[in-house]
Amino acid sequence: MRESSRFVCSQARRSRVHGLLAMLLCGAFGLAACAGMEAARESEQTALAAALAEMEHRAGTPEVELTWRCVRPTPGLLVLGGYVRNPVSAQPVRDFAAELVGVDAAGQTLSAGRGEWGELTIRTSEVIPFRIPLHEAGSEVRVDLYYRYDYHELDRMGFRLASAASPFVVGSRRGYVVRDACNPSLHRIR
């Protein structure tokens with residue numbers, strides 16, 4: 001009887017030791033994985049900071065900040081590329097869309113290009129890249145950037161604000177325009 005109880009006790013000790021070793025190994029692998037993810041995140045943030053430093057123009061609202069750069073990779077093609085972010089708002093920005101419009105001296109639209117992301121949600125401090133190609137007609141005197149998004153405001157207690165027109169659905173579609181968005185002397189970051 002004593003022999004079998006000793007055997008059971010030694011097996012139990014071995015199981016505990018193996019369990020402890022397994023936990024230590026899992027912990028070590030977990031820490032290594034976290035360190036690898038942290039390094040990848042730092043690398044990603046460094047790359048994003050470098051990309052943001054290349055941007056030349058900026059415009060925005062309290063809910064959305066846009067930074068962009070205009071380039072002409074080929075004659076007749078203007079590409080506005082940049083980033084949109086929700087700088088500080090606790091509420092996400094939804095359904096962001098942007099359009100670039102080429103306008104003549106009389107204010108008539110000659111060309112247009114869009115960037116639309118549908119169900120895109122931009123959370124607090126999140127940065128999303130965007131790109132809008134515009135095939136120019138040739139007689140544009142400026143290009144205007146139009147952007148819009150959905151935003152729901154909260155009251156001081158964190159509840160969505162209701163309106164008289166829509167007491168159950170709160171929020172609004174907000175639209176803005178940046179005139180002459182690619183003018184080298186306007187909307188400058190520096």
**Study point:** Condition met for Arg85 (modelled with pLDDT under 95 and either assigned by TED's automatic domain parsing to the domain that holds Glu140 or closer than 24 Å to Arg188 by Cβ (or both))
**Key:** yes
Check your understanding: From Ala112, Ala106, which residue is more than 14 Å from the chain's Cα centre (by Cα) and either surrounded by 13 or more Cβ atoms within 10 Å (Cβ to Cβ) or not in a loop (DSSP other than H, G, I, E, B) (or both)?
Key -> Ala112
Review point. When you go through Ala98, Ala90 one by one, which is the residue that is surrounded by fewer than 16 Cβ atoms within 10 Å (Cβ to Cβ) and at pLDDT below 95?
Key: Ala90
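The values are calculated or read from the model by the stated rules, or taken from the named source; none is laboratory data. Predicted, not measured: the structure shown is a model, and the values here were computed from it. All Cβ positions, even for glycine, are placed from backbone atoms using ideal geometry, and neighbour counts span all protein chains on display.
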